[in-house]
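> Here it is, the structure in full.
The values are calculated or read from the model by the stated rules, or taken from the named source; none is laboratory data. In this text the structure is predicted, and so the values were computed from the model without any measurement. Methodologically, a virtual Cβ is constructed for each residue, glycine included, from the backbone with ideal geometry; neighbour enumeration extends over all protein chains shown.
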Amino acid sequence: MLRLRPYNKNDAETILSWTNEETAFYKWTAGVLGKFPLTVEQFNEVSNLMAFTAVDDDEIVGFFTMRRPTKSHDELRFGFVIVNPAIRGKGYGKKMLQLGLVFAKEIYGAGKASLGVFKNNEPAYYCYRSVGFVDLPKTDTYEINGETWDCLELEMDI
């Protein structure tokens, strides 16, 4: 059964092993945590956020963070969402986000959740849409390895 637990620094090596290819790494982090390849020490900066590890039968299967984009808890923003690539396409991402949304609403009292996803990351985009996130008209751009990537903004009421 899938469950969430607080991120533990011992989870870092497993999570980082899921992005051993540079493009996949930047689709996941946008380079916010540092340049590829990321060190365990750099990744552990996520401990300053609300970081969660998803586990299924004690096996780490996913990870995400939540943060407050404003001083209130009215909105929580998901980030660094990732699922072990060996099990993608089996509903883990959707279930993990649904659990995160329950946490955001019931523990923090958030009424809205948001996130950003690169346009070139279609599997993640469709996962977020399947959970109930909807597109906003706002689009950001990032410079990644000499290319311009469009980042779609999504949100949902919870």
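> Does Glu122 satisfy the condition of being of a type in the set (D, E, K, R) and over 11 Å from Glu155 (Cβ atoms)?
yes
> Go through segment 122-141 and give me each residue that's farther than 18 Å from Arg77 by Cα and in contact (Cβ under 8 Å) with a residue 24 or more places away in the chain.
Pro123, the sole residue that qualifies.
> Here is a follow-up. Please work out if Tyr92 is over 11 Å from the mean Cα position of the chain (by Cα), modelled with pLDDT of 95 or more and farther than 23 Å from Tyr7 by Cα.
So Tyr92 does not fit the description; no.
> Collect the residues in segment 149-158 that are over 17 Å from Thr29 (Cβ atoms) and either over 14 Å from the mean Cα position of the chain (by Cα) or in a loop (DSSP other than H, G, I, E, B) (or both), keeping them in residue-number order.
If the condition is that a residue be over 17 Å from Thr29 (Cβ atoms) and either over 14 Å from the mean Cα position of the chain (by Cα) or in a loop (DSSP other than H, G, I, E, B) (or both), then Met156, Asp157, Ile158 are the ones that fit.
> Something else: Here is a list: Lys90, Lys112, Lys94, Lys105. Which entry is of a type in the set (Lys, Arg), in contact with a helix residue (DSSP H, G or I) (Cβ under 6 Å, 6 or more places away or on another chain) and farther than 17 Å from Thr29 by Cβ?
It is Lys94.
> Let me ask something else. So the check is Cβ under 8 Å with 6+ separation or different chains; which pairs have a first residue in segment 142-156 that's among the β-branched types (Val, Ile, Thr) and a second one that's not in a strand (DSSP E or B)?
Note: pairs meeting the criteria are Ile144/Tyr26; Ile144/Ala30; Ile144/Gly31.
> Can you pull out every residue in segment 10-31 that is of a type in the set (A, V, I, L, M) and either farther than 20 Å from Gly146 by Cβ or at pLDDT below 95 (or both)?
Listed by number, the residues that qualify are Ala12, Ile15, Leu16.
> Here are some residues: Glu75, Glu45. Which one is at negative phi and surrounded by fewer than 16 Cβ atoms within 10 Å (Cβ to Cβ)?
Going through Glu75, Glu45 in turn, just one is at negative phi and surrounded by fewer than 16 Cβ atoms within 10 Å (Cβ to Cβ): Glu45.
> Now for a different question. Name the residues in segment 2-22 that are out of contact with any strand residue (DSSP E or B) (no Cβ under 7 Å at 6 or more places or on another chain) and either surrounded by 15 or more Cβ atoms within 10 Å (Cβ to Cβ) or among the aliphatic types (A, V, I, L, M) (or both), would you?
Ala12, Leu16, Thr19
> Note down all Cβ pairs under 8 Å where the first residue falls in segment 1-20 and is within 23 Å of Lys94 (Cβ to Cβ) and free of Cβ contacts under 8 Å to residues at least 60 places away in the same chain, the second is in a strand (DSSP E or B) and of a type in the set (Phe, Trp, Tyr), and they're at least six residues apart or on different chains.
Arg5/Phe52; Pro6/Phe52; Tyr7/Phe52; Tyr7/Phe63; Asp11/Phe63
> Can you name every residue in segment 120-140 that is part of a helix (DSSP H, G or I) and either touching a helix residue (DSSP H, G or I) at 6+ places or on another chain (Cβ under 9 Å) or surrounded by fewer than 16 Cβ atoms within 10 Å (Cβ to Cβ) (or both)?
Within segment 120-140, Glu122, Pro123, Ala124, Tyr126, Cys127, Tyr128, Arg129, Ser130, Val131 qualify.
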